[in-house]
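Below is one structure, written out as structure tokens, with a few remarks after it.
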Amino acid sequence: MDKKIAMVDDDTDLLNIYKPVLEKAGYIIKTAFDSSEGLKLYKEFKPDVIFVDLSMEHFDSGFVLCHRIKSLPEAKKSKVIIMTSAGHETGIRFSTDTEEEKNWIKADDYLEKPISPRDLVQYLNEKIFKEK
Amino acid sequence: MKIENGKILVVDDEKGMREGIRRILEIQGHKVDTTDSGALGIQKGIATEYDIYFIDLKMPDIEGTQVLREIKLMYPEAICVIVTAYASIDTAVETTRMGAYQYIPKPFEPDELQILVHRALERRWYILEARRLREEQAKHLLEVAHEQSRMRTIINALDDGILIINQEGQAVLFNPGFLKLLDINQEISIGEPVLEILPTALRDQIKEIFSGKGSVNAIKQEITIHPPAKLVVMANTTPVMGKKGELLGVVSVLRDISELKKIDIIRSQFVDMAAHELKSPLTAVQGYLELVVDKTLGDEPDLYDSYLKRSLDRTKSLVNLINDLLNITRLEAGKVRRELNRQNIKELIIDRLNFFKNDISERALKVNVDIDSNLCVDADRDDLLRLFTQIIANAVRYNKPNGQVNITGRQNTHYVKIDFQDTGLGIKKEEQDRLFEDFFRAKNEFTRNITGTGLGLTIAKKIVDAYAGKIKVESEYQKGSTFSVYLPFAKQNNFTIKNSP
């Protein structure tokens with residue numbers, strides 16, 4: 001069965017870039033522009049992996065979206081991966097440096113932007129779906 | 001040691017005696033004044049202090065003892081020699097008791113007189129020298145006392161905390177700033193051991209200097225004091241060395257750097273956000289270019305063309321962002337050289353509308369300008385152009401196709417007020433307060449495809465603030481916004497209004 005990937009990012013260019021590449025690699029991909037659309041998409045589409053941009057609508061919503069998804073009962077089956085171009089923590093919640101933050105957010109992995117399309121495909125193939 | 005050229009007064013009613021003494025003493029280089037009566041003697045003797053007074057005991061008007069008393073009253077250290085033809089033990093005793101230096105009976109030999117004067121001047125020298133030393137010492141003591149209290153006042157008035165500790169760890173000196181910064185409420189007196197009440201970090205600094213025996217030059221360290229919370233102190237501890245290079249003690253100077261730390265954090269947050277905003281367009285450009293270069297999606301020339309076009313757009317937005325960042329840095333530097341000139345508002349607005357000509361026609365916007373042609377402010381032209389660029393850019397970019405932009409300029413009591421009204425997307429109530437935050441951009445389904453740096457209004461506000469003006473926004477979501485810029489009007493406008501008939 002084809003793997004389902006969801007991607008939530010407010011930068012439409014990034015969705016433009018990753019969508020055709022992941023499709024070509026054999027994944028089914030759907031996209032959303034913000035966290036409320038993202039949550040809706042997750043519930044309807046039930047993806048295996050959802051990529052969430054950290055800094056939509058002023059930095060916090062990526063975390064909030066991740067937390068909300070992880071609070072759903074069906075979320076056990078899917079992985080939430082946070083993508084971020086944020087630097088080190090400077091008071092604003094850019095990163096997940098502390099254990100406390102990690103426990104609250106419960107993201108499965110963190111990727112730092114920029115991520116080349118090639119690397120993203122490789123990441124899915126070799127890290128996420130390899131064992132399956 | 002003696003005075004070489006003495007100043008001598010002779011008080012004697014007998015002319016031969018007066019002139020005799022004068023002649024003998026003047027030969028030796030002394031200056032001799034004479035008077036022929038007791039009354040004049042007192043007058044002259046008190047007016048100036050002489051080195052030696054020769055006083056005749058028996059004078060027709062006033063007794064010599066009276067003259068002696070008056071002079072001694074005025075100058076207790078004066079050297080008075082009593083001259084008399086009627087020598088008696090009684091007068092000798094009496095005048096000596098009154099403070100006379102010597103008693104010389106008439107007649108006397110010149111030699112006798114010279115020896116007497118020689119000794120008297122010797123004595124006089126010691127008296128004057130002692131007096132000089134006394135005065136100097138008094139003056140010095142006064143200076144020292146004055147200097148100490150002045151230093152004390154200065155040290156006590158310092159915001160910085162100062163603590164001096166000797167090798168035994170006892171407080172030698174500290175000021176109120178020290179107690180305040182370290183939040184020490186207990187009473188400390190000089191000579192009391194203080195190491196134990198100091199924050200650990202500071203105590204360690206001091207101990208390190210002591211254990212280095214002078215080999216450690218200075219230790220500078222940030223110390224966080226809690227409580228009171230959030231107080232960050234820069235502690236600078238240096239050794240106090242004696243003349244032989246031995247370690248006498250340490251001086252710790254404490255400075256409250258809490259405010260600096262706060263600024264530091266804000267600054268690094270800004271840098272972090274800027275880096276983040278710079279990375280976003282780069283991520284897109286890099287992604288697009290990789291697809292084009294690798295031909296990842298196969299033979300799709302049109303698609304790749306569109307990718308290149310988007311890359312170009314994002315690169316342009318990146319340049320805009322960098323320019324905005326530079327503008328902000330420039331505005332924040334606070335040492336901007338502004339050339340204040342009379343600026344015509346209407347002319348500048350027309351200039352900016354021309355700048356956005358293409359964007360306006362692309363969206364088929366209708367622009368109305370209603371500004372008094374005489375409306376002026378005193379400002380730097382570049383500042384105003386930058387300000388209007390930012391606001392008109394928003395009115396154009398966030399407008400709906402076939403929308404309107406109405407720009408009106410009016411002068412009210414204190415300000416020139418320029419309104420930029422658009423029929424654009426509007427701003428949600430909850431987002432209006434955040435409009436002027438760095439990098440804030442209203443994000444919703446309508447704004448998604450509008451590029452912007454999130455710094456435009458930050459810049460606009462900084463410019464307006466620099467002229468003691470203000471910027472306000474009224475907006476209704478999905479209906480449109482009005483940005484109002486208030487700038488202090490050119491002084492002459494005021495003048496013209498008051499004086500116009």
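Taking amide H positions as modeled 1.01 Å from N, with prolines and chain starts lacking one, the residues under 5 Å from B:GLN404 and 5 or more places away or on another chain are B:LYS366, B:THR423.
Database remark: amide H of B:ILE223 closer than 5 angstrom to the amide H of B:VAL233, B:MET234, B:ALA235 (H placed geometrically; neighbours at sequence offset of 5 or more, or on other chains; Pro and chain starts carry no H).
Listed by number, the DSSP H helices of chain B that run 24 Å or longer by alpha-carbon position along their axis and have mean Kyte hydropathy of at least 0.0 are B:258-294. Seen through its C-alpha gyration tensor, with square-root eigenvalues sorted a ≥ b ≥ c, the stretch B:340-393 comes out oblate because a/c lies at 1.5 or above while a/b is not bigger than b/c.
Given Cβ point charges of +1 (Lys, Arg) and -1 (Asp, Glu) and nothing else, what value in debye, to the nearest 20, does the dipole of chain B about its Cα centre take?
Values: 69 positive and 73 negative charges, 368 e Å.
I would put it at about 1760 debye.
The alpha carbon gyration tensor of the stretch B:286-419 gives principal lengths a ≥ b ≥ c with a/c of 1.5 or higher and a/b no greater than b/c, which makes the shape oblate. Note on B:ASP372 and B:ASP313: with the Förster distance fixed at 41 Å, the Cβ-Cβ geometry gives a FRET efficiency of about 0.60.
Counting only other residues whose beta carbon sits under 15 Å from that of B:LYS366, what net charge do I get with K and R as +1, D and E as -1? Let's see the in-between values first.
Numbers: positive: B:LYS357, B:ARG363, B:LYS400; negative: B:ASP359, B:GLU362, B:ASP370, B:ASP422.
Here the count lands on -1.
In this structure the amide hydrogen of B:LEU173, modeled in the peptide plane, comes within under 5 Å of the amide hydrogens of B:ILE164, none closer than 5 places in sequence on its chain.
The local environment of B:LEU181, defined by Cβ-Cβ distances under 12 Å, has a net charge of -2 under the rule Lys, Arg +1 and Asp, Glu -1. Any lysines with Cα under 24 Å of the B:LYS346 Cα? List them, leaving off those in the same chain fewer than 8 positions away. Within the straight-line cut-off, B:LYS346 pairs with B:LYS357, B:LYS366, B:LYS417, B:LYS461, B:LYS462, B:LYS470, B:LYS472, B:LYS491, B:LYS498.
Label sites at B:ALA39 and B:GLN404, each approximated as a point 7 angstrom past Cα along Cα to Cβ, lie 11.2 nm apart.
Quote to one decimal, in nm, the extra length available between B:ALA201 and B:GLU246 on full extension: 0.36 nm per residue of separation minus the C-alpha distance between them. Mind showing how you got there, number by number?
Working: separation 45, 0.36 × 45 = 16.20 nm, distance 2.46 nm.
Extending this stretch completely gives an extra 13.7 nm.
Label separation (A:LEU72 vs B:ASP264): 4.5 nm, computed from points 7 Å beyond Cα along the C-beta direction.
If you take the beta carbon distance between B:ALA333 and A:SER36 as r and set R0 to 51 Å, what does 1/(1 + (r/R0)^6) give as a FRET efficiency, to the nearest 0.05?
Details: r = 41 Å, r/R0 = 0.80.
Efficiency, from the Cβ-Cβ distance: 0.80.
Considering only DSSP beta bridges whose two residues both sit in the protein assembly as shown, what percent are antiparallel, to the nearest 5? Kindly include the intermediate steps, with their values, before the conclusion.
Values: 52 of 94 bridges.
Close to 55 percent.
In this view, the solvent-accessible surface of A:LYS4, computed with a 1.4 Å probe and all protein chains in place, comes to about 50 Å². A dipole drawn for the stretch B:261-332 from +1 and -1 charges on Cβ atoms has a positive end, and of B:ILE266, B:ILE322, B:THR283 the residue lying farthest that way is B:ILE266. For the stretch A:1-21, a reduction of at least 50 Å² in accessible area between the chain on its own and the assembled protein chains (probe 1.4 Å) is found at A:ASP13, A:ILE17.
The values are calculated or read from the model by the stated rules, or taken from the named source; none is laboratory data. Note that the structure is predicted; figures quoted are calculated from it, not measured. All Cβ positions, even for glycine, are placed from backbone atoms using ideal geometry, and neighbour counts span all protein chains on display. Just the protein is used for accessible areas: all its heavy atoms, side chains included, with ligands, DNA and RNA removed. Shrake-Rupley method; radii C 1.70, N 1.55, O 1.52, S 1.80 Å.
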